[in-house]
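Scroll down for the structure; my scribbles are underneath it.
The values are calculated or read from the model by the stated rules, or taken from the named source; none is laboratory data. What you see is a predicted model; the values in this text were computed from it and never measured. Backbone-built Cβ (ideal geometry, glycine too); neighbour counts: all protein chains shown. Note: accessible area is taken over every heavy atom of the protein model, side chains too, but ligands, DNA and RNA are not part of it. Shrake-Rupley method; radii C 1.70, N 1.55, O 1.52, S 1.80 Å.
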Amino acid sequence: MTVRIGTSGWSYPSGRGTWNGTFYPPRGTRGFRGSDELSYYAEHFDTVEVNSTFYRQPSAPTTARWVAQTPAGFEFSVKLYQAFTHVTPVGRGPVPDRTARPASTIPQPAPGDADLFKAGIDPIAASGKLGPLLAQFPPGFHCSPESLDYIAGLLDTLRGYPVAVELRHRSWSDAGAATADLLGRFQAAWVQIDEPKFRFSIRQDLAPNLERFSYMRLHGRNAAQWWSPDAAEDRYNYLYSREELKPFAAAATEGRAETRKAYLYLNNHFAAKAVVNAAILKHELGQTVPGEYRREMLDAYPELRDIVRPSSLLDLGDSDRSD
């Protein structure tokens, strides 16, 4: 069994929760540019979940650059463009409460959207670096005959690609047999998620539904700011303890030898906490934790000190930065 562990996204250059100055050198540091972030990230992890493709369709020139910036064996899991999963566009601003069911929850992607998406990720697929596609539906997307039919149609459109489906409303687990049957027919993974639990939240046991692969996402447990964060990034301001991570490490391996591949992504991205927890999970699973970690990262997260290699280089000071 192969277990790949990484983070949801790799570029968080702004806000209080920026990765620059902790995981990455500060922006403007001589010899380090924003375009270097993916290469730097790939020195530490062998997979990443691409979230930018949710906000805009991927383009082949961009994904070809990603391929060139990563080593052989690296894998990208790619989130579907939001038109395939959401009724109304989602921005990067404050997070609204979407638990109330709107008049219609059935997405209506435009004709040609699927072909455009496939063309955009073709360089990744052609390189052999494509992991699963992630279809993340909103909390207000309820289980119904219409939504079951929509998912079936979407998965049929994406035949030939491994697909992981994230469902967040409790109606899907209440109708667990029907949900599992639908996903199983298309060999799609039912994403196991960890997030704050509310009355309407999906209930899951972390067990995979396929032998082919499993997919797990950890969003953090910041319940206090889940629906009304001061800033959108605050929703993901949560650091899992080692004890909290142990069940996920066990779920990825123990008693599931029939599962060929497991993907586990950390989405608690505020201030690079996802990086910290991904590194700890790799350590818990007995994997090598590669790459060097900056002094600022180790100062901020001393729990990393006994599992990672400190950087042998000091960042250049302000006087050595380029404009």
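Brief remarks on what is shown
- Here Gly93 fulfils each of the conditions (1) in a loop (DSSP other than H, G, I, E, B); (2) modelled with pLDDT under 95; (3) surrounded by 14 or more Cβ atoms within 10 Å (Cβ to Cβ) apart from (3).
- Checking each residue in region 159-190 for being surrounded by fewer than 19 Cβ atoms within 10 Å (Cβ to Cβ) and within 21 Å of Phe117 (Cα to Cα) picks out Arg159, Gly160, Tyr161, Phe186, Gln187.
- The set of residues in region 128-146 being out of contact with any Ser or Thr (no Cβ under 9 Å at 6 or more places or on another chain) and either in contact (Cβ under 8 Å) with a residue 12 or more places away in the chain or not in a loop (DSSP other than H, G, I, E, B) (or both) consists of Pro145 alone.
- Inside region 212-239, residues that are without any contact (Cβ under 8 Å) to a residue 24 or more places away in the chain and crowded, with 18+ Cβ neighbours inside 10 Å make up a count of 1.
- Extreme residue, farthest from Thr2 (Cα to Cα), among residues of region 240-251 that are open to solvent by 30 Å² or more (accessible area, probe 1.4 Å) and in contact (Cβ under 8 Å) with a residue 40 or more places away in the chain: Arg242
- Among the conditions (1) open to solvent by less than 30 Å² (accessible area, probe 1.4 Å); (2) modelled with pLDDT of 95 or more, Pro25 misses just one, which is (2).
- Residues of region 191-211 that are closer than 20 Å to Gly140 by Cα, of a type in the set (D, E, K, R) and surrounded by fewer than 16 Cβ atoms within 10 Å (Cβ to Cβ): Lys197, Arg199, Arg203.
- Qualifying residue in region 39-46 (condition: out of contact with any Pro (no Cβ under 9 Å at 6 or more places or on another chain) and either among the aliphatic types (A, V, I, L, M) or farther than 16 Å from Gly291 by Cα (or both)): no
- Entirely in region 233-300, the helices (runs of 4 or more DSSP H) that have 1 or more residues that are at pLDDT below 95 and either of a type outside the set (D, E, K, R) or closer than 19 Å to Tyr12 by Cβ (or both): 242-253
- Between Phe76, Phe23, Phe32, Phe84, the distinction of being free of Cβ contacts under 8 Å to residues at least 12 places away in the same chain and either aromatic (Phe, Trp, Tyr) or over 30 Å from Glu146 (Cα atoms) (or both) belongs to Phe32 only.
- Of the set (1) in contact with a Phe, Trp or Tyr (Cβ under 9 Å, 6 or more places away or on another chain); (2) not in a helix (DSSP H, G or I), all apply to Ala152 but (2).
- Of the residues making up region 53-90, just one is in a helix (DSSP H, G or I), within 28 Å of Pro139 (Cα to Cα) and open to solvent by 50 Å² or more (accessible area, probe 1.4 Å), namely Tyr55.
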